[in-house]
Structures are given as structure tokens and as C-alpha cells.
1. Distance between Cα centroids, segment 332-372 to segment 271-289: provide it in whole Å.
2. Per-residue counts of other Cβ atoms within 10 Å, averaged by peptide: what ranking do you get for 407-415, 339-347, 50-58, highest first?
3. Could you give the angle, 0 to 90 degrees to the nearest 10, between helix 454-470's Cα long axis and the longest principal axis of the Cα atoms of the chain?
4. Within the chain, how many Lys pairs sit with Cα atoms under 27 Å apart, leaving out pairs fewer than 8 places apart on the same chain?
5. For residue 153 and residue 225 in one chain, what is 0.36 nm times their gap in residues minus the Cα-Cα distance, to one decimal in nm?
6. I'd like the orientation of helix 61-74 relative to the chain: the angle between its Cα long axis and the longest Cα principal axis, in ° from 0 to 90, rounded to 10.
7. Between segment 81-102 and segment 425-464, what is the separation of their alpha carbon centroids in Å?
8. Summing +1 for each Lys or Arg and -1 for each Asp or Glu, what net charge is found among the other residues whose Cβ lies under 14 Å from the Cβ of residue 187?
Amino acid sequence: MTTPTRRAAQAGSGALLHSLFRTKPVDRIVAEGGQGEGGELKRSMSLLQLTLFSVGATLGTGIFVVLGEAVPRAGPAVVLAFVLAAVTALFSALSYAELAGTIPVSGSSYSYAYATLGELVAWVCGWCLLLEYAVSVSAVAVGWGSYLNEFFDKAFHFTMPAAISDSPGENGGIVNLPAVVVVMIAMVLLLRGTSESAIANTIMVFLKIGVLLFFCAVAFTAFKAGDVTPFAPMGWAGISAAGSKVFFSYIGFDAASTAGEEAKNPRRDLPLAIVLSLAIVTAVYVLVGLAAVGAMHWRRFALSGSEASLARVLDESTGRSWPSMILSLGAVVAIASVVLTVMYGQTRILFAMSRDGLVPPVFQKVSPRRSVPVANTMIVAAFISVLAAMIPLGRLVDATSIGTLFAFALVSVGVMVLRRTRPELPRGFRTPFYPITPLLGVGFCVYLMVGLGGVTWLVFLLWALAGLAAYFLYGRRHSRLAAAPEGGGPPDSGKGAPAAGEGEP
């Protein structure tokens, strides 16, 4: 007698699981590309601008602080640690490159997960990215004030009062105004338009690369062979430990993938931009690392303090203060560039989620005159400003890294799923050595996630639970995919017209 009831319950459970893991057809994702309420995004970004967007998001605070923490672990072999971390990042970068060339839309790993792993997984991925982007850019903004104060001190012998330059509870701080200022500067640039933001970022990236090359030129004049002997005093264990430390200096190479709907030729340019940016950043890191350990003995890095490690190298190499003043100015520019590009990425992920109905429609409203999501940008800037001005972020910043690794792993899985389900799709780039490369990408990400501390996992799980509550209270009820016929919209024929501006492989 209970058989019909059980069958009904099983049918209901099956329908629920189907609705949670329904995928959005690739052709539909591409066809909707660029469209938002009130207007559409403008395809204006060239290969150079896309590449420098990823470089701008990656080459920031990491290189200015990471050496002081990594060199004591590996000695001069920190150079190999950067290479090891780059190889680890490369596995994920190659998967990003394939999906960016196959699904050239805004949303990055969120959109890729929606097309391959289903709505719930995509939501969790997007939700984790929102935490990682918002908190990381807030932390970067907080650091901007510190470097600005350092520059003022060296150039003008003046520093801002702690009450307005430190976070509450730190050194007598009340509100961190410099952090708010740099976020507002980035907001103004983003509101002026994507093309203008890309031009500003291009200028800043060239400036900070120039400053780091200046550091190398000065440091190499004091290079001493004895400082790099023995080359690997801690052995492979030290190189591996330093590699884990410097890996997070590579986070940001995927920034170009959030510009899929504003690239002139996304199928060709997005994969190239991702791989080129990783190559450029790796070359800069290796050069800076080699110059630093050659100019100052590696044991002295543990005494110099992480934030001042590069400045300390220049001070000891020249005996003068003006080189480190230039370096401080470069750090100010570098951090401003990171704030700009990461904020851009967050607004585009929210734009894609809003277009799918999973977050409120205000985030997809595009200004017809500026071709940018104005309200979206202002809301993101306001939220980040409050975080940066009022909250000492501390260990919470490290906890956000797990969200990035989670997204990286999903992208590698997505490549394998899409190869099986849609092998006929045109791909601007194919991951080499498939399926070994994406499998290694998943493996390395899981390895690094398992090695993170308990606090990191706790923050990740709490944030994920909050995201699930938001999904069931709002996202699932407003999903446009659920409202479409059978939850899938138009038939996924595999022959949908490419988005405007796409090139063929």
C-alpha cells in the first residue's frame, strides 16, 4: 500500500536532484553573451589588454612581500620554488584556456561550471569567488595605505596619522581612509568604461614591471656568487615548502576569463592571454628572486621582515634611500592595478549570475551610454570599502584562498566533462596531454586544499552554508534556467551562432 507513496517520494527526490544539477546549454550561454538589462557590454579589449588585465591582477602585493617569507624556507633555490608554483598553476591555466576559448562569456569558472557540472555547483563556485574577490581586494586595499605611507616617509618625511591609515584596533586606527580612496579610484575608472579601465591598467602594469626591472638592475650590480652557494641548503623539502608559500602569488591569472563578453576576438585571445600572462609573471618572479638572493644573503631575509624585504635589498645594495623610494612607488601602483582588475572581475561574475536569475537583477543593468554595469560596480565598491575601512582582515585573507583552489579544481573537472558531453564544440584552444593535464590540475588543487589549516576550512564551510541558504531562499526560485521549458531553454543543437566578435580556431 505504501508503494505509490514511495514511488512519489522517489520521483520527487529525483526531480529535486535534477533541478539542482541541471546544466545550462553552452549554445544558450554563448548566445546570451554581452546582454544585460538596459544595454549590452561592448567588445573593446584587445589581446594585449586582456593579457595585461591578468598580469595586473596577478603581479601585485605577492612579489613585494612573499620573498621575505619564502627565502628562509628554500634559500637561493626560491627561484625553483617560483618555477614549481608556476608549473602547478599552469595545469589550471591550461584548463581555463580551453574553457575560455569554448565558452567565451563573463563569469569565468562560474559560467564554466554551469555548463558542465550544474546549477548548484556553479552557484557554490560563484559564491566562493565572491568571498575570495571581495576579501582579497579589501586586503590589498588595506596594504595600499601601508605602502603609500612608506613612500611618503621616504620622499617627504611625512606619514599619515594611524587613526586614519590603520584598521580599527590596529596601532590606534579608527578608519582606514587610504583603503577607501584606492577603491573609489578603481570604481571611477570602471564606471568610465571598460576601454578606459583597460588603458589605465595597461599603463599601471607597464609601470610596475618597469619598477621591478629597475629593482633587478640595481640588485644585480651587487650580485655576489657566494650568496647563492649552496644553492639549495634545505633540499627539495625546502623548495616544496617555499613553492606552497609562493603559489598564491599566481592567483589572478584567470582575470582575462571574466572579460569574455568584452574581448574583440574571445575564442582566440582569451586562451592566449591566460597562458601569456602566466609566462610573463613567472619570468618577472624568477628574475626578481634571483636578483634578491644574489644581492643579500638568504639568511638575512628572515631578519628583514617580509613587507620590507625588497626595500631592504636595495638599501643594503646601494646604501641610499632613493632606490627603495622608487620601489615603494612601484608597490603603490602595483596594488592599485590589482584593486582595479579584481573589482572588474567580481562585477562581471555578479553580472553573469544576475543574468541567470541567481542574484537580483540590479547586478545586470548595463548603462546604454557607458556599456558598463553601473549599479553593480557601485554596490561592489561600497561593500569592499566598508570591509577595507573597518575590518582588520588578518587570517581571514588566507582563508579565502581555498575558494580559489576550489574554483580551479572545478574548471579542470569541467574540461573533462565537456570533452565527453560536447566533443564537437569549436575550441579556440585544446588542453595538451589530455586527460593527464586536467587530472593533475585537480590533484594539485586538492593537495593544496588539504594542506590548509582548520580555520581556513571552517571559514570555507560556513561561507558555503550561507551560500546554500541564499541559493534555496532566492537563487533557485528565480533561476531563469528553471523557468525555461524543461529547465533547458532552446534545444542545444551545437550549432548556435557564435557571439559577436568571436574568431574561429
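1. When both Cα centres are located, 25 Å separates them.
2. 50-58, 339-347, 407-415
3. That helix lies at roughly 30 degrees to the long axis.
4. The result is 14.
5. That pair, residue 153 and residue 225, stretches by 22.6 nm at full extension.
6. Roughly 70 degrees between the two axes.
7. Each part's Cα centre sits 11 Å from the other's.
8. Net charge in that neighbourhood comes out at +1.
Every number in this text was worked out from the coordinates using simple rules, so none of it is lab data. Note that the structure is a prediction, hence the values are computed from the model and not measured. For neighbour counting, all protein chains shown are included, and Cβ atoms are generated from backbone atoms with ideal geometry for every residue, glycine included.
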